Amino acid sequence: MLKNEYQCLIANSLDSAAVVAYAGVFTAEYRRELETEWIGKLDELQLKRSEDLTMVKVLKDDVKIREWNVAGLPSDSLSVENAIIAFEARRWPLMIDPQTQANKFIKKFGSRDEGGLLIFKASEGSIVKQLETAIELGQWVLLENIGEKLDPALEPLLQLQRIRKGESRQVQFGDKSLTYSDGFDFFLTTTLPNPHYQPEISVRVTLLNFAITPAGLEEQLLNILCLLYTSD
């Protein structure tokens, strides 16, 4: 078992990394098409992979997924995929969330974090001071209701300009050098159903499409019915 996983490591990692890096902005149907195409390329290169390979099977943690569901994450496959990408991607997640499901999930799940969750609206203006504190204390931050443009003051944070100095890491934020806490996490959400972000924004965040489709809603309702029957 372990030997087989080791032999499949390269192909499985390539597929998972591609989905995390590039597929989040698309609908579930187009993600499946992309992943099928990428897996076909791996087969052309004769790279050994797991059977029925998907990013979720490689990166999922059943205990974490259960915790996410308890915190309000819908149990459909798209939402689970989005959560995995949000927490595994290197860049901060910007969630396209017209039905506010992702927003509610982050609020509930983040409130359980040891440092708490700070919530700001894009319309509030400058939040630099509060962000500086959150970065040093390792708090979670949710910036909600953003439009198609971001505050230029967030640029150093989006670029993840972290520098190691001795035992700690520093981040240059504005004209200050702050001690970066690993507990810090940053989430952005927008209720715009079909936003058009400029390339300079798209390459600095991980875009995630949480918009509900009829197929996704059907899957959510079926999962709720299954839970009701099993609970009886």
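The values are calculated or read from the model by the stated rules, or taken from the named source; none is laboratory data. Since the model is a prediction, treat every value here as computed from it, not as a measurement. Here the Cβ positions follow ideal geometry from the backbone for every residue, glycine too, while neighbour counts run over all protein chains shown. Remember, those area values only see protein heavy atoms, side chains included, never the ligands or the DNA or RNA. Shrake-Rupley method; radii C 1.70, N 1.55, O 1.52, S 1.80 Å.
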Which is charged (D, E, K, R), over 14 Å from the mean Cα position of the chain (by Cα) and surrounded by 11 or more Cβ atoms within 10 Å (Cβ to Cβ), of GLU219, GLU200?
GLU219
Output the residues belonging to the stretch 139-156 that are assigned to a strand (DSSP E or B) and among the β-branched types (Val, Ile, Thr).
VAL141
Cβ-Cβ under 8 Å pairs, at least 6 apart or on other chains, the stretch 1-29 side within 30 Å of ASN194 (Cα to Cα), far side of a type in the set (Asp, Glu) and open to solvent by 60 Å² or more (accessible area, probe 1.4 Å)
VAL20/GLU88
Tally up the residues in the stretch 110-131 that are open to solvent by less than 30 Å² (accessible area, probe 1.4 Å) and part of a helix (DSSP H, G or I), please.
2
Against the condition out of contact with any Ser or Thr (no Cβ under 8 Å at 6 or more places or on another chain), within 29 Å of LYS149 (Cβ to Cβ), open to solvent by 40 Å² or more (accessible area, probe 1.4 Å) and not basic (Lys, Arg), how does GLN99 come out, does it pass?
yes
Do any helices (runs of 4 or more DSSP H) lying entirely in the stretch 27-70 carry at least 3 residues that are farther than 18 Å from ALA83 by Cβ, and which ones are they?
28-44
Scanning the stretch 24-58 for residues that are surrounded by fewer than 15 Cβ atoms within 10 Å (Cβ to Cβ), of a type in the set (Lys, Arg) and under 27 Å from ASP97 (Cα atoms) gives ARG32, LYS57
Filter result (in a strand (DSSP E or B) and either in contact with a Leu (Cβ under 7 Å, 6 or more places away or on another chain) or of a type in the set (A, V, I, L, M) (or both)) within the stretch 157-183:
ILE163, GLN170, VAL171, PHE173, LEU178
Filter result (surrounded by 15 or more Cβ atoms within 10 Å (Cβ to Cβ) and touching a strand residue (DSSP E or B) at 6+ places or on another chain (Cβ under 8 Å)) within the stretch 132-149:
GLU132, ALA134, ILE135, GLU136, GLN139, TRP140, VAL141, LEU142, LEU143, GLU144, ASN145, ILE146
Residues of the stretch 71-96 being open to solvent by less than 40 Å² (accessible area, probe 1.4 Å) and polar (S, T, N, Q), which ones?
SER79, ASN82
Looking at this structure, is TYR197 among the aromatic types (Phe, Trp, Tyr) and either farther than 19 Å from MET95 by Cα or in a helix (DSSP H, G or I) (or both)?
no
Does at least one position in the stretch 130-147 carry a residue that is touching a residue at least 40 places away in the same chain (Cβ under 8 Å), of a type in the set (A, V, I, L, M, F, W, C) and on the phi > 0 side of the Ramachandran plot?
no
Under 9 Å by Cβ, and 6 or more places apart or on different chains, what pairs join a residue from the stretch 153-174 that is at positive phi with one that is modelled with pLDDT of 80 or more and part of a strand (DSSP E or B)?
LEU160/VAL171
